[in-house]
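Colleague: Handing you this structure, nothing more for now.
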Amino acid sequence: MNKNYYAILMAGGVGSRFWPVSTTEFPKQFHDMLGSGHTLIQKTFSRLSQLIPIENILILTNEKYNHIVLEQLPMVKPEQVLLEPAMRNTAPCILYASLKIKKQNPDAVMVVAPSDHWIEDEAVFVQNLQQCFDFCSAENALMTLGIQPTFPNTGFGYIEFDKTDSNPIKKVNQFREKPDYETAKSFIESGNFLWNGGIFIWSVRAIAEAFEKFQPQMNTLFLEGWNDYNTENEKQFIAQKYALAENVSIDYAVMEKAKNVYVLPATFDWNDLGTWGSLHEKLNKDDHNNAVVNASVLLKNSSNNIISTAKDKLVIIDGLEDFIIVDKDNVLLIYPKGKEQEIKGIVSQLKM
């Protein structure tokens, strides 16, 4: 295993579109969403460790999830879990982790990966990742793994690559924000658009240079802690300074501004498991396309539903089509699948 290979595993999200199963106290990355016997973070860690030494995998998460991470990943040392004292989107935490890695190993090449995605063909994922590592070891490049779109999804950002580029790794023209349906359709038809799955690969030199160029203020802030990184003083520095960083995504902070951005169209099967609908796609279904998690069901004149309850709860449904039915503790959610993106807004209303 290559000692220069590192991973940053992003595990700080709340996954509010999976409410009421995913909550701020126990988000979706710590659940076994597909009944595989492993939680999403466990599956992601296992997948990355096929190429990356276990001790080189850092987990970025919120302070309140520290005990869950260590419980679910007992092979990880406490110092591998980087705790965010404030929610500041992806750019600050990636810069923080990258500087830690750079101080430890200036020759490092790293992948940044969400902890809550589902990838079935792991051997192909490892091959794709190796291809990216080889490219980034040789080139001053910021890379992403683009996902082949299967339908005009309006919930993802898109990556537009150069149509004339015949190389397997393509030069990125631009990142595009989440489109409306007609725009998404035109993206798919043009053939040179990929979904932005949020998986990034680069050398520490390339990403440090990019932050210095495009985010000088944030870069200066985190470089103040250079002497503290990987020492007992690091925690105190982060506690004092982290919340001062701008709340901004890595896409907006760096990737959309840089010119040395490349994409490898991924050849593995991928699902971001971002909504109940995306989970419905991955689960086994009955003859009427109903997917069931844990429940015992009696269904009449019902199709295209997803039903999730506590184990062995009896659920009887007649005449429902395209609904999300979730029974969890003291919450019952019955919601149209077509409006699943609105669940996040409902959760924020409930907090008011």
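Colleague: If a residue has to be part of a loop (DSSP other than H, G, I, E, B), open to solvent by 50 Å² or more (accessible area, probe 1.4 Å) and under 22 Å from Lys28 (Cβ atoms) to count, how many in segment 279-311 make the cut?
Modeller: The number of residues fulfilling the criteria is 4.
Colleague: Check off (1) touching a strand residue (DSSP E or B) at 6+ places or on another chain (Cβ under 7 Å); (2) over 19 Å from Ile101 (Cβ atoms); (3) crowded, with 17+ Cβ neighbours inside 10 Å; (4) among the hydroxyl-bearing types (Ser, Thr, Tyr) for Thr275 and give me the number that stays unchecked.
Modeller: The one condition Thr275 does not meet is (1).
Quick grid of which residues meet (1) within 30 Å of Ala138 (Cα to Cα); (2) among the aromatic types (Phe, Trp, Tyr):
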residue	(1), (2)
Ala206	yes, no
Leu221	yes, no
Gly225	yes, no
Tyr229	yes, yes
Glu232	no, no
Lys235	no, no
Val248	yes, no
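Colleague: Further question on the same structure: Got at least one residue in segment 58-69 being over 19 Å from Ile119 (Cα atoms), open to solvent by 40 Å² or more (accessible area, probe 1.4 Å), in contact with a strand residue (DSSP E or B) (Cβ under 7 Å, 6 or more places away or on another chain) and of a type in the set (A, V, I, L, M)?
Modeller: No, that holds for no residue.
Colleague: Give me the residue from segment 34-50 that is in a loop (DSSP other than H, G, I, E, B) and out of contact with any Asp or Glu (no Cβ under 8 Å at 6 or more places or on another chain) and, out of that set, modelled with the lowest pLDDT.
Modeller: Gly35
Colleague: Further question: Only one of (1) assigned to a helix (DSSP H, G or I); (2) open to solvent by 10 Å² or more (accessible area, probe 1.4 Å) fails for Ala97. Which number is that?
Modeller: (2)
Colleague: Ok, one more. Quick one: in segment 197-226, which of the residues that are under 30 Å from Phe151 (Cβ atoms) and surrounded by 22 or more Cβ atoms within 10 Å (Cβ to Cβ) is modelled with the lowest pLDDT?
Modeller: Ile199
Colleague: Then there's this: If I go through segment 100-124 residue by residue, how many of them are out of contact with any helix residue (DSSP H, G or I) (no Cβ under 6 Å at 6 or more places or on another chain) and part of a helix (DSSP H, G or I)?
Modeller: Adding up the residues that qualify gives 5.
The values are calculated or read from the model by the stated rules, or taken from the named source; none is laboratory data. What you are looking at is a predicted structure, and each value in this text was computed from that prediction instead of being measured. Cβ sites come from the backbone with ideal geometry, for glycine too, and all protein chains shown count toward neighbours. Heads up: the accessible areas ignore ligands, DNA and RNA and are worked out on the full protein's heavy atoms, side chains in. Shrake-Rupley method; radii C 1.70, N 1.55, O 1.52, S 1.80 Å.
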